[in-house]
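The values are calculated or read from the model by the stated rules, or taken from the named source; none is laboratory data. Here the structure is a predicted model, which means the values were calculated and not measured. Every residue, glycine as well, gets a Cβ built from its backbone with ideal geometry; the counts of neighbours run over all protein chains shown.
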Amino acid sequence: MIKEELLILTSVILGAFGAHKLNDLLNNEQINSFKELGYVFIENVFDSVEVSRMNKELPRLYSMDKEQIQREKDGKAVRTVFAAHELSKVFSDLSRHPRIVEPAKQLLGGDVYIHQFKVNGKEAFDGDLWQWHQDYGTWKNDDGMPEGLALNVGLFLDDVSQFNGPLNFIPRSHRDGYIEAKHDVTTTSYPLWTINNETITKLVEKGGIVAPQGKAGSMILFDSTLVHGSPSNMSPWSRTIVYISLNRTSNYIRKFNRPEYKAHRDFTPITCVDDSCLR
């Protein structure tokens, strides 16, 4: 599909899901988007009251002096808060929320557990880039995850625009499965299994690049093998996204090289909390 057609298709999909309130389960159009493009973007999944409760937790978490609070190269701006659901009841409730868990179970075809939970800060002016990568690259190489039977749920806690470092996806790149990657430990403060420029160029020639944008409370579900990244944030607006990585319980990790706050060892299927828990 040429780039112009891809942009039209993406606009139709985003328009179809705009202002759509998720009722736990995805419709056929949304499921097809995930299968075809590798992601589905849905606006207005959580309302302003719920988003406000989550945002109020951030200053306390950001001020903590803990190993799981990882900062940018300047040593000040927060890059990632790992295992935030273990540090905050609000985020604990979010990790078991039916609007998060039920669509993941539907797409992955069975029970899921939390492989990783993190808040990525991408702070105004100081939020650094995330290089092109597949999350499954890290989970396979570092954690011994057998297959890419996992996905990410990304929840916007800020409005996301073209200016504040939005997620960039290469649509359909998940169809290539696992792509060989190099362990980059120097570009940013966070070591990452990254994909080389030649491969990225070929993938973009086939699939283009999209950057879903929307209001706080919007949500993206994307395949663990979908190639993605994000530019640095030069704007005066922060771009905070909560990422909940959910894995099929049968696909549990086999290696325990990383700290547990980065790769959880509890493979118990998630039991959902009440839908109103964040209100």
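Of all residues in the stretch 81-92, those that are more than 12 Å from LYS66 (Cα to Cα) and touching a residue at least 60 places away in the same chain (Cβ under 8 Å) have Cβ atoms under 6 Å from Cβ atoms of residues that are among the acidic types (Asp, Glu) and surrounded by 18 or more Cβ atoms within 10 Å (Cβ to Cβ), 6 or more apart or on another chain, in VAL90/GLU57.
Listed here are the residues, each with its yes/no results for (1) over 25 Å from HIS174 (Cα atoms); (2) modelled with pLDDT of 95 or more; (3) touching a Gly at 6+ places or on another chain (Cβ under 9 Å).
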| position | (1), (2), (3) |
| --- | --- |
| SER232 | no, yes, yes |
| PRO236 | yes, yes, no |
| THR240 | no, yes, yes |
| LEU246 | no, yes, no |
| PHE256 | yes, yes, yes |
| ARG265 | yes, yes, no |
| VAL273 | yes, yes, no |
| SER276 | yes, yes, no |
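Residues of the stretch 138-148 that are of a type outside the set (Asp, Glu) and surrounded by fewer than 21 Cβ atoms within 10 Å (Cβ to Cβ): ASN141, GLY144, PRO146. Of the strands (runs of 3 or more DSSP E) contained entirely in the stretch 23-93, those carrying at least 1 residues that are buried (at least 17 other Cβ atoms within 10 Å of the Cβ), touching a Lys or Arg at 6+ places or on another chain (Cβ under 9 Å) and of a type in the set (D, E, K, R) fall at 69-71, 78-82. Counting only strands (runs of 3 or more DSSP E) that sit wholly inside the stretch 139-249, those with at least 2 residues that are more than 15 Å from the chain's Cα centre (by Cα) are 182-184, 192-194.
Please determine whether any residue of the stretch 32-47 is at negative phi, at pLDDT below 95 and in contact with a helix residue (DSSP H, G or I) (Cβ under 9 Å, 6 or more places away or on another chain). No, that holds for no residue. Restricting attention to the stretch 94-115 and to residues that are among the β-branched types (Val, Ile, Thr) and buried (at least 22 other Cβ atoms within 10 Å of the Cβ), the residue that is farthest from the chain's Cα centre (by Cα) turns out to be VAL112. Taking each residue of the stretch 28-57 that is closer than 24 Å to ILE170 by Cβ and looking for partners that are surrounded by fewer than 13 Cβ atoms within 10 Å (Cβ to Cβ) with beta-carbon atoms closer than 6 Å, six or more apart or interchain, yields GLU43/ALA19.
Out of the residues in the stretch 222-243 that are in contact with a Lys or Arg (Cβ under 9 Å, 6 or more places away or on another chain) and over 21 Å from ALA181 (Cα atoms), which is surrounded by the fewest Cβ atoms within 10 Å (Cβ to Cβ)? Top of the filtered list is SER232.
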